[in-house]
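One structure below.
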Amino acid sequence: KSKAANLLERLDRYRSEVLRFGTNFAVDFDNNLSERDVRMLKLQNKISGGWRSEEGAQAWVRVRSYLSTARKQGHNTTEVLTQLFGGHCWMPTLPGP
């Protein structure tokens with residue numbers, strides 16, 4: 001099959017997911033937030049030339065993910081970090097069905 005035919009088949013198969021933003025206004029029209037998260041990872045790697053250790057890279061990604069999720073759910077990142085270091089870990093809410 002051609003690339004166009006594969007795309008049409010996939011769009012048809014996942015029709016309800018593709019058009020979910022039209023019925024659920026909590027769903028964004030695009031995935032720019034996800035792309036920005038990945039872009040920040042690439043930018044950090046480009047600027048610093050990488051991380052000194054695997055553990056350092058994993059820690060950086062965990063912190064960025066934690067803050068990104070908090071921001072996406074409407075929380076102030078400074079307050080979330082203050083709570084975290086005060087021993088009160090903020091946990092994200094899971095999306096409903």
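Looking only at the range 74-97, residues that are under 20 Å from A26 (Cα atoms) and surrounded by 10 or more Cβ atoms within 10 Å (Cβ to Cβ) come to 3 in all. No other residue among S65, S53, S48 is small (G, A, S) and surrounded by 12 or more Cβ atoms within 10 Å (Cβ to Cβ) apart from S65. Looking only at the range 63-83, residues that are of a type in the set (K, R) and in contact with an Asp or Glu (Cβ under 9 Å, 6 or more places away or on another chain) come to 1 in all.
Spot the failing condition for R71; the list is (1) in contact with a Pro (Cβ under 7 Å, 6 or more places away or on another chain); (2) open to solvent by 90 Å² or more (accessible area, probe 1.4 Å), and only one is missed. Of (1) in contact with a Pro (Cβ under 7 Å, 6 or more places away or on another chain); (2) open to solvent by 90 Å² or more (accessible area, probe 1.4 Å), only one is false for R71: (1).
Pairing residues of the range 21-38 that are closer than 16 Å to R71 by Cβ with residues that are assigned to a helix (DSSP H, G or I) and open to solvent by less than 80 Å² (accessible area, probe 1.4 Å), at Cβ distances under 8 Å and at least 6 apart in sequence or on separate chains, gives D28/F21; L33/S68; D37/S65; D37/S68.
The values are calculated or read from the model by the stated rules, or taken from the named source; none is laboratory data. Bear in mind that the values here come from a model prediction, so they are computed numbers and not experimental data. Here the Cβ is made from the backbone with ideal geometry for all residues, glycine too, and neighbour counts use every protein chain on show. Ligands, DNA and RNA are excluded from the accessible area calculation, which covers all protein heavy atoms including side chains. Shrake-Rupley method; radii C 1.70, N 1.55, O 1.52, S 1.80 Å.
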